[in-house]
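Report on one structure; see the data block that follows.
Taken together, the values in this text are just the output of simple stated rules run on the coordinates, not laboratory data. Since the model is a prediction, treat every value here as computed from it, not as a measurement. All Cβ positions, even for glycine, are placed from backbone atoms using ideal geometry, and neighbour counts span all protein chains on display.
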Amino acid sequence: AQRVTQPEKLLSVFKGAPVELKCNYSYSGSPELFWYVQYSRQRLQLLLRHISRESIKGFTADLNKGETSFHLKKPFAQEEDSAMYYCASRGSNYKLTFGKGTLLTVNP
Amino acid sequence: NAGVMQNPRHLVRRRGQEARLRCSPMKGHSHVYWYRQLPEEGLKFMVYLQKENIIDESGMPKERFSAEFPKEGPSILRIQQVVRGDSAAYFCASSPVPGGNTGELFFGEGSRLTVL
């Protein structure tokens, strides 16, 4: 069974500081990994996917198969990055398995 | 495109009553997924439906819960004889193809059920 672990429930940083939201997964095959984000009073939405190798809003995430991790990083956090972040994985089927989420607060 | 619409946004029920949650997918999307989020937990998959078909209900509790997605109208998640443990946020998501092809699901704002 797939499992996604986000060890930090809360993460607080100051504006301009680097931020890293941790995500570890367990899956015997080759999963697809995603980060979803939920800003205050908005619906959950896709932030980025590992396949695309893209940078969205300054965020990047690298899939490390050796460490089974998919940490989300941004070199300089902004106040508008404050949100709930969910890591998710998808195996050979269509189901997304979500972590419990990390609430990021960027302080001025 | 109004996005995935869920209603009601908030629903209060007493133990033993029935709860019906509705989800209208995005225009052009024929695949619907229901997720449940218990307090302090992540989103847990419940059921995946296409029009008139339940494709995967492996995440649904065996009793009291049912889901449908009729040819016309919204998808409905029905909980009979609710208990306090059913209190949660229920999220609906849709995609144009199975699993969203790229993995992207489009979520509604959720329906928060409170059982007294």
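If the Kirkwood radius is taken over C-alpha pairs of the protein assembly as shown, then at 37 °C and 0.692 mPa s the Stokes-Einstein diffusion coefficient equals 181 µm²/s. Remark on chain A: Rg and Dmax equal 13.2, 42 Å (Cα only). Couplings for segment B:40-47, taken from phi via the Karplus curve 6.51 cos²θ - 1.76 cosθ + 1.60 with θ = phi - 60°, read 6, 10, x, 6, 10, 4, 10, 7 Hz in order; Gly and Pro are left as x. Convex hull of alpha carbon positions in segment B:57-116: directionally averaged projected area 5.1 nm².
In the Gaussian network model of chain B, springs joining C-alpha atoms below 10 Å, which of B:63, B:104, B:52 carries the largest mean-square fluctuation? Sorting by GNM fluctuation, first place goes to B:63.
Between residue B:7 and residue A:103, the FRET efficiency estimated from the beta carbon spacing at R0 = 22 angstrom works out to 0.25. For residue A:17, the residues 5 or more places off, or on other chains, whose built amide H falls under 5 Å of its own are A:77.
Within chain A, what's the longest stretch lacking trypsin sites (Lys or Arg not before Pro) that sit in DSSP loops with no more than 14 other Cβ atoms inside 10 Å? Looking at chain A, A:66-108 is the longest stretch - no exposed trypsin sites (Lys or Arg not before Pro) with at most 14 other Cβ atoms within 10 Å. Between residue B:50 and residue A:30, the FRET efficiency estimated from the beta carbon spacing at R0 = 25 angstrom works out to 0.45. Please compute the modelled spin-label separation between residue A:40 and residue A:1, points set 7 Å along Cα→Cβ, answer in nm with one decimal. Here the modelled spin labels are 3.6 nm apart.
Just to be sure I follow: if Rg is taken over the C-alpha atoms of segment B:1-66 and Rh is the Kirkwood radius over the same atoms, what is Rg/Rh? Kindly include the intermediate steps, with their values, before the conclusion.
On the way: Rg = 13.1 Å, Rh = 13.6 Å.
Using Cα coordinates only, the ratio equals 0.97.
Applying 1/(1 + (r/R0)^6) with r as the Cβ-Cβ distance of residue A:76 and residue A:53 and R0 = 35 angstrom yields a FRET efficiency of 0.95.
Close amide H pairs (under 5 Å, H built 1.01 Å from N) link residue B:30 with B:95, residues at least 5 positions away or on another chain. For segment A:32-108, the list of GluC sites (Glu not before Pro) that fall in a loop by DSSP and count at most 16 other C-beta atoms within 10 angstrom reads A:54, A:67. Obtain the nm distance between the two label points defined at residue B:63 and residue A:20 by a simple spin-label model: each point lies 7 Å from its Cα along the Cα-to-C-beta direction. About 4.8 nm, to one decimal.
Using the 2.2 N^0.38 Å rule of thumb for compact globular proteins, work out how chain B stacks up: its C-alpha Rg over that value, please.
On the way: Rg = 13.3 Å, N = 116, 2.2 N^0.38 = 13.4 Å.
Taking the Cα Rg and dividing by 2.2 N^0.38 Å, one obtains 0.99.
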